[in-house]
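The values are calculated or read from the model by the stated rules, or taken from the named source; none is laboratory data. Keep in mind the model is a prediction, meaning the values are calculated, not measured. Please note: Cβ atoms are built from the backbone with ideal geometry, for glycine as well, and neighbour counts cover all protein chains shown. Accessible surface is based on the protein model in full, side chains and every heavy atom, while ligands, DNA and RNA are left aside. Shrake-Rupley method; radii C 1.70, N 1.55, O 1.52, S 1.80 Å.
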Amino acid sequence: MRTTRLLLRSGLTLAAAAPLPAWLAGPSAAVSGISVSTSGTTVSVVTSACTQNNGSWGNASLLNSSQSSFAQGRQVALAGTTVSQSAAWSGVSPGTYTVVVVCSNGGTAGNQSVIVSAPAAPTTSSTTRSAAPSRGVMGGLGGAARDYGPLTLGIGAALVGSGVIATGWYLRKRSKPYRL
């Protein structure tokens with residue numbers, strides 16, 4: 001009885017540790033042999049499935065929804081090294097496309113669908129800024145941001161001077177002892 005439980009527990013542990021079957025695990029990027037990505041209006045494809053024959057890695061084709069064969073799409077030659085080959089299309093309009101990669105030996109590396117979205121329009125309400133002052137920050141004595149004329153500067157200097165004199169007079173009067 002004890003041996004049966006031990007075998008049952010060991011069998012369940014091994015069953016749980018076993019990898020899921022490929023059809024149960026879900027789609028994988030390695031199944032198609034290519035990886036497709038978009039950035040704005042640029043579509044790019046990367047693969048490592050092709051080998052170089054006669055100086056060529058192969059071609060990639062971008063097919064729109066109305067095109068059905070490799071020859072009908074926008075074709076680009078693959079470039080790269082023995083580790084990775086890539087191709088890119090720029091100026092692609094929004095829509096659904098299929099990318100097909102055919103190696104130089106005639107074999108298909110894979111195909112994958114991609115959706116190119118319309119670029120988002122920038123909002124001006126959140127990015128609107130007021131014009132920055134041309135000569136510094138509003139502050140300081142007399143014209144940190146504007147060039148005031150001599151009359152305005154003279155009036156400002158007279159007000160500051162009269163404030164200094166009034167403060168001195170008040171403190172002097174306050175410091176004298178009271179006389180009765």
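Summary of computed values
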quantity: Only listed residue being closer than 20 Å to Ala118 by Cα and open to solvent by 70 Å² or more (accessible area, probe 1.4 Å), chosen from Ser44, Ser65; calculated: Ser65
quantity: Selection from the stretch 53-75 of residues that are assigned to a loop (DSSP other than H, G, I, E, B) and either among the small types (Gly, Ala, Ser) or closer than 13 Å to Val99 by Cβ (or both); calculated: Gly55, Ser65, Ser66, Gln67, Ser68, Ser69, Gly73
quantity: Filter result for Tyr170 (modelled with pLDDT of 70 or more and either touching an Asp or Glu at 6+ places or on another chain (Cβ under 6 Å) or among the aromatic types (Phe, Trp, Tyr) (or both)); calculated: yes
quantity: Residue check for Thr82: assigned to a helix (DSSP H, G or I), open to solvent by 80 Å² or more (accessible area, probe 1.4 Å), out of contact with any helix residue (DSSP H, G or I) (no Cβ under 6 Å at 6 or more places or on another chain) and modelled with pLDDT of 50 or more; calculated: no
